[in-house]
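*Asks:* The structure's right below; bear with me while I get my questions together.
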Amino acid sequence: MTIIPFNQTATANFQFNPVLDGTTYVAICTYSSYAARFYISIYDTSGNLIMIRPIVGSPDEYDINLLFGYFQASTLLYRVSSNSFEIAP
């Protein structure tokens, strides 16, 4: 499991490179002031948008996979208690 601390601000994007289903992607977290929430966008290395989802936090006792419906084997969670992303292959 890979853990990435979420260093978010409402004025700057947060970016990291997760490995999902064996391929490296670019993940960019942006803040929408209209919706008052963060969104995560996953791009391939060519810059093609794969998916965009609101970031929904997972409590310690329950996992909410942000990649549901897009990737087969990988999971991406935003853990509220640690303010970090958890990536499992």
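The values are calculated or read from the model by the stated rules, or taken from the named source; none is laboratory data. As the structure is a prediction and not an experimental result, all values here were calculated from the model. We place every Cβ from the backbone using ideal geometry, glycine too, and count neighbours over all the protein chains shown.
*Asks:* Listed residues Asn83, Asn48; which is on the phi > 0 side of the Ramachandran plot and of a type in the set (S, T, N, Q)?
*Replies:* Result: Asn83 is the single residue among Asn83, Asn48 that is on the phi > 0 side of the Ramachandran plot and of a type in the set (S, T, N, Q).
*Asks:* Just need a number here: residues in segment 30-46 that are surrounded by fewer than 16 Cβ atoms within 10 Å (Cβ to Cβ) and either free of Cβ contacts under 8 Å to residues at least 12 places away in the same chain or part of a strand (DSSP E or B) (or both).
*Replies:* Adding up the residues that qualify gives 6.
*Asks:* What number of residues in segment 1-16 are farther than 20 Å from Ala88 by Cα and touching a residue at least 24 places away in the same chain (Cβ under 8 Å)?
*Replies:* 1
*Asks:* OK, next. Among residues belonging to segment 52-81 that are touching a Pro at 6+ places or on another chain (Cβ under 8 Å) and surrounded by 12 or more Cβ atoms within 10 Å (Cβ to Cβ), point out the one that is farthest from Tyr31 (Cα to Cα).
*Replies:* Ser74
*Asks:* Looking at (1) over 18 Å from Ser81 (Cβ atoms); (2) among the small types (Gly, Ala, Ser); (3) surrounded by 12 or more Cβ atoms within 10 Å (Cβ to Cβ), which is the only condition Ala12 fails?
*Replies:* Failed condition: (3).
*Asks:* State yes or no: is Leu77 hydrophobic (A, V, I, L, M, F, W, C), modelled with pLDDT under 95 and either on the phi < 0 side of the Ramachandran plot or in a strand (DSSP E or B) (or both)?
*Replies:* Against the criterion (hydrophobic (A, V, I, L, M, F, W, C), modelled with pLDDT under 95 and either on the phi < 0 side of the Ramachandran plot or in a strand (DSSP E or B) (or both)), Leu77 does not qualify.
*Asks:* I need a count of the residues in segment 18-29 that are under 20 Å from Val80 (Cα atoms) and either surrounded by fewer than 15 Cβ atoms within 10 Å (Cβ to Cβ) or of a type in the set (A, V, I, L, M) (or both).
*Replies:* 2
*Asks:* So, in segment 55-89, of the ones that are out of contact with any strand residue (DSSP E or B) (no Cβ under 8 Å at 6 or more places or on another chain) and among the aromatic types (Phe, Trp, Tyr), which residue ends up farthest from Gln15 (Cα to Cα)?
*Replies:* The residue in question is Tyr62.
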